[in-house]
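Can you read through this structure? Questions will come right after.
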Amino acid sequence: MATYLLSWNPKKWEWSDMQDDIAEISRNGFFEMQWSSGVTKKIKPNDRIFLMKLGVEPRGIVASGWATSEVRQNVHYKDKSRKALYVQVRFDTVLDSSAVFPIELLLHGKSYKGVHWTPQASGMTIPEVIALQLEKDWSKFLKQPFPVRHIEFADEIDEKKTYPEGTVKQVKVNIFERNPQARLVNIRKYGASCVVCGFDFGKVFGEVGKGFIHVHHLFPLSKIRKDYRLNPIDDLRPVCPNCHAMLHQKKPEPYTIEELRVILNKTALNQNSTG
C-alpha cells in the first residue's frame, strides 16, 4: 500500500457539496467521489489518500480516504473538450475547509522534511516513513476540539533536553497498528460513550473530554494476522479506559463486552443490597 497526496484549490474548483459530503460521512462512515490524480497513473485500489487544500487560506490537509479504483481517464472537470486522469476515492474524513490540518506543521516539522507539500498537481507520493508519521499526527489532530487554536505534536524526542525524572530509553516492540480511520468510523457508528458502563467524558468533563474514548478490539490483536481486514463496525467497540482495563483482566483471552456488563451489574446490585 502506497500513500498519495491529492490537491484541491478552491480558486479552481468550488466544492459546493462539501457540507452534504461531511454529513454523509457522519451517517455512513464514508462517501465516494472521483478526484484528479494529476499526471499520476500508478495509484491502485486500497492506496492511502490525503487531500491538501491549497491556494486559499487556511491551507492544509482537509480530507483522507482510500483509493477504490485504478487511475482512469474522464472528461476534464473544467474543459469538456479535454480528458484528465481521475481516481475514485472513498473518503473517511472530510473537514470543514476552515478547520484544516495546518500546512505549517508539515512545512516546519522535522518529521516532514524532504516532501514538497505545495505541489502544482495531484498525485504526489508520500514516502512510507513520513506517511506513518502523518497518520499519527492526523489522528491526534482529529481528536482535538474545534475550532483548533493551538496544537503541538511532540512525538520526536529532543535528545538535548534534560529529563529530571529519568533517562530516555529506546524501546523496540512488535505491535499491531491500530488504524485511526477505523476508530473514527466506529465512533461515528456507536458514539463516544462506553458500551459497558455508559460513561461519557464529554458530559462529565465538558469540552476537554468531548469525543475522548478508547476503542476495544473484540477480536484479540495478538491473534490478528498480517493480512487481516478489520471491519470498524463489526470488530470494534468504544469503551472507557477503566472498562478497557477490566476487559483485559481476563487472561489469555479478554472478557467479552457482555461478560463485563454482567460483572458490573452484579457488583452494583451487591452494593445496593448492602447499602
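The values are calculated or read from the model by the stated rules, or taken from the named source; none is laboratory data. From a predicted model like this one, the values you see are computed outputs, not experimental measurements. Cβ atoms come from the backbone with ideal geometry, glycine included; neighbour counts cover every protein chain shown. In case anyone asks, the SASA skips ligands and DNA or RNA and just uses the protein heavy atoms, side chains included. Shrake-Rupley method; radii C 1.70, N 1.55, O 1.52, S 1.80 Å.
For region 89-142: of the residues being open to solvent by 40 Å² or more (accessible area, probe 1.4 Å) and touching an Asp or Glu at 6+ places or on another chain (Cβ under 8 Å), which is farthest from Lys210 (Cα to Cα)?
In this case the residue turns out to be Lys110.
Checking Ala63 against (1) part of a strand (DSSP E or B); (2) at pLDDT below 90: exactly one of these is not met. Which one?
Only one criterion is unmet by Ala63, namely (2).
Also, I was wondering about something else. Do you know which residues across region 46-70 are surrounded by fewer than 20 Cβ atoms within 10 Å (Cβ to Cβ) and of a type in the set (Ser, Thr, Tyr)?
Thr68, Ser69
Could you list, in sequence order, all residues of region 10-45 that are farther than 22 Å from Ala99 by Cα, open to solvent by 60 Å² or more (accessible area, probe 1.4 Å) and not in a loop (DSSP other than H, G, I, E, B)?
The answer is Gln34, and nothing else.
Is at least one residue of region 46-63 in contact with an Asp or Glu (Cβ under 8 Å, 6 or more places away or on another chain) and among the hydrophobic types (A, V, I, L, M, F, W, C)?
no
Another question, then. Identify all residues within region 231-258 that are part of a loop (DSSP other than H, G, I, E, B) and buried (at least 16 other Cβ atoms within 10 Å of the Cβ); write none if there are none.
Of region 231-258, the ones part of a loop (DSSP other than H, G, I, E, B) are 231-235, 240, 248-256.
Pro232, Asp235, Cys240, Pro254, Tyr255, listed by residue number.
Output the number of the condition that Gln181 fails; it satisfies all remaining conditions of (1) of a type outside the set (Gly, Ala, Ser); (2) assigned to a helix (DSSP H, G or I); (3) modelled with pLDDT of 70 or more.
With respect to (1) of a type outside the set (Gly, Ala, Ser); (2) assigned to a helix (DSSP H, G or I); (3) modelled with pLDDT of 70 or more, Gln181 is out only on (3).
Then there's this: Being among the basic types (Lys, Arg) and in contact with a strand residue (DSSP E or B) (Cβ under 6 Å, 6 or more places away or on another chain) narrows it down to one residue among Arg82, Arg27, Arg48; which is it?
Arg48
Among (1) at pLDDT below 85; (2) open to solvent by less than 30 Å² (accessible area, probe 1.4 Å); (3) within 20 Å of the chain's Cα centre (by Cα), which single condition is Gly211 missing?
Of the numbered conditions (1) at pLDDT below 85; (2) open to solvent by less than 30 Å² (accessible area, probe 1.4 Å); (3) within 20 Å of the chain's Cα centre (by Cα), the odd one out for Gly211 is (2).
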